[in-house]
Amino acid sequence: MTKQMLLKVAAVMILGMLALPAFAQNAAITLNIPFSFQMGNKSYPAGAYGFTTIREDVLVLTKDGRVNQGMSLANHIASQQWNDRRAEVRFQCYEQECFVSQVWIPGIDGGLELRPSKVEQELAARTTGKYMALLATPQR
């Protein structure tokens, strides 16, 4: 009876490991953002932040070692011009508001493009935005 139970537990564990996405590489970057910004529907002050993923379509923002300061859904994007060793966060800025728009993390095939929030969509309808990119440091 115990042997059967152990076999069932082992089978469930193996199936669970096979079901994990290959994307879960725990790649991360850190950078100092010298201005306040928005990600998703939340505003953040200037400071040192980290970006990582928990799935291929979920970007996680960290600060001071605290995981999950914020999360946002993102679309996976590819670029032939992107160097997979370069860590970068791109912002779309309108007037005095900047929004995280793309995050490029070494070790992840391609980048992540965040879906614009309602506030960003409203600003984009009224004015032309400007892109700004900040280089980041890959975490080891």
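Tell me which residues, restricted to segment 97-106, are modelled with pLDDT under 90 and more than 13 Å from the chain's Cα centre (by Cα).
none
Only residues that are assigned to a strand (DSSP E or B), buried (at least 19 other Cβ atoms within 10 Å of the Cβ) and touching a residue at least 40 places away in the same chain (Cβ under 8 Å): list them for segment 105-140, please.
Listed by number, the residues that qualify are L112, L114.
Restricting attention to segment 72-89, does a residue exist that is crowded, with 18+ Cβ neighbours inside 10 Å and assigned to a helix (DSSP H, G or I)?
Within segment 72-89, none of the residues are crowded, with 18+ Cβ neighbours inside 10 Å and assigned to a helix (DSSP H, G or I).
The values are calculated or read from the model by the stated rules, or taken from the named source; none is laboratory data. If you're wondering where the values come from, they're calculated on a predicted model, not measured in any experiment. Note that each Cβ is placed from the backbone with ideal geometry, even for glycine, and that neighbours are counted across all protein chains shown.
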